[in-house]
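Engineer: Following this message is one structure expressed as structure tokens.
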Amino acid sequence: MSFDYSAAFARNIGWFTDNEQQQLKHKRVAIAGMGGVGGAHLLTFARLGIEKFNIADFDVFELANFNRQAGASMSSLNRPKVDTLAAMVRDINPESDLRPFPDGVNASNLEQFFQDVDLYVDGLDFFAFDAREQLFAYCAKHRIPAITVAPLGMSAALLNFLPGGISFEDYFQLSGRGELEKAVRFLVGLAPGLLHRHYLADKNKVDLKQQKGPSTVIACQLCAGVAASEAVKILLQRGKVWSAPHGIQFDGYRNQIAHTWRPGGNRHPLNRIAIAIARRQLGLA
């Protein structure tokens, strides 16, 4: 049987109009990172009928990825993540237009990575601060809407950075700080509601100094659904989009949602208190 776009995505119609489905088909989404959340984002967006992607990752799959990453399997062991996920997307939609960046994203290829892009979705590793700062700064400068949804415990923590709103740097205040301080600020800023903090079974498995922490596929799958929902609203210009300093965290384990508003981001008094507490717990104070 040959591929037919209309037949493949016919069940989307109803939630989208035929015209909106055609709009999604022609949008281009950039995703940096094809691991836990990035791979799930890409496959979810492909099933929405989006055909055009710029994707980046320099890593290969290993056994430690099996618990959460969409492309991780015995057949993909030691294979580049970007190639594996591109093949998975083409298996869903052979007409997909994918521009892979197998060396990741850096200052030398930022312009290429964002060429023709309508939306950026963050799929980078938690600790990839240099790349993340560059990517979000480019989005702010060139008025590209950007989404980050963090997999924390069994929850998804959403922040949208839209043209004209507070920037990633103004919100998180990472520039010029050490790696551990960036980790603390990023963690606090992502989920000020901290819904996930109540059920961590083994605190010894969280070590920001060693850039290690536990993860679940539950959170990654939740993140993909949340990111796709926000992408639809942004790309089709329909529905309310909460932009930072608003943040939304949904925790599947606790069946709770937190909608936070932190004007000034990590400058906000509540975030500053949370950062100070985290510093003391890590012995940084």
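The values are calculated or read from the model by the stated rules, or taken from the named source; none is laboratory data. This structure is a prediction, so every number in the text was calculated from the model and none was measured. Heads up, the Cβs are rebuilt from the backbone with ideal geometry, glycines too, and the neighbour counts pull from every protein chain shown.
Engineer: As an exercise: evaluate Lys240 against (1) assigned to a loop (DSSP other than H, G, I, E, B); (2) surrounded by 15 or more Cβ atoms within 10 Å (Cβ to Cβ); (3) modelled with pLDDT of 95 or more and give the number of the one condition it does not meet.
Structural biologist: Unmet condition: (2).
Engineer: Further question on the same structure: Cβ-Cβ distance below 7 Å, separation of 6 or more or different chains: which pairs start in the stretch 228-245 with a residue that is free of Cβ contacts under 8 Å to residues at least 60 places away in the same chain and end on one that is of a type in the set (Gly, Ala, Ser) and surrounded by fewer than 20 Cβ atoms within 10 Å (Cβ to Cβ)?
Structural biologist: The qualifying pairs are Lys233/Gly239.
Engineer: Is it fair to say Phe53 is among the aromatic types (Phe, Trp, Tyr), under 18 Å from Lys27 (Cα atoms) and surrounded by 15 or more Cβ atoms within 10 Å (Cβ to Cβ)?
Structural biologist: Here the answer is yes, as Phe53 does meet what is asked.
Engineer: Something else now. When the stretch 38-61 is examined, which residues are found to be closer than 18 Å to Glu133 by Cα and assigned to a helix (DSSP H, G or I)?
Structural biologist: Gly38
Engineer: Additional query: Just the residues that are surrounded by fewer than 23 Cβ atoms within 10 Å (Cβ to Cβ) and either without any contact (Cβ under 8 Å) to a residue 40 or more places away in the chain or part of a strand (DSSP E or B) (or both), please, taken from the stretch 113-125.
Structural biologist: The one that is surrounded by fewer than 23 Cβ atoms within 10 Å (Cβ to Cβ) and either without any contact (Cβ under 8 Å) to a residue 40 or more places away in the chain or part of a strand (DSSP E or B) (or both): Leu119.
Engineer: Moving on to the next point. Hey, does the stretch 224-236 have a residue that's part of a loop (DSSP other than H, G, I, E, B), modelled with pLDDT of 95 or more and either in contact with a strand residue (DSSP E or B) (Cβ under 7 Å, 6 or more places away or on another chain) or surrounded by 15 or more Cβ atoms within 10 Å (Cβ to Cβ) (or both)?
Structural biologist: No, the stretch 224-236 contains no residue that is part of a loop (DSSP other than H, G, I, E, B), modelled with pLDDT of 95 or more and either in contact with a strand residue (DSSP E or B) (Cβ under 7 Å, 6 or more places away or on another chain) or surrounded by 15 or more Cβ atoms within 10 Å (Cβ to Cβ) (or both).
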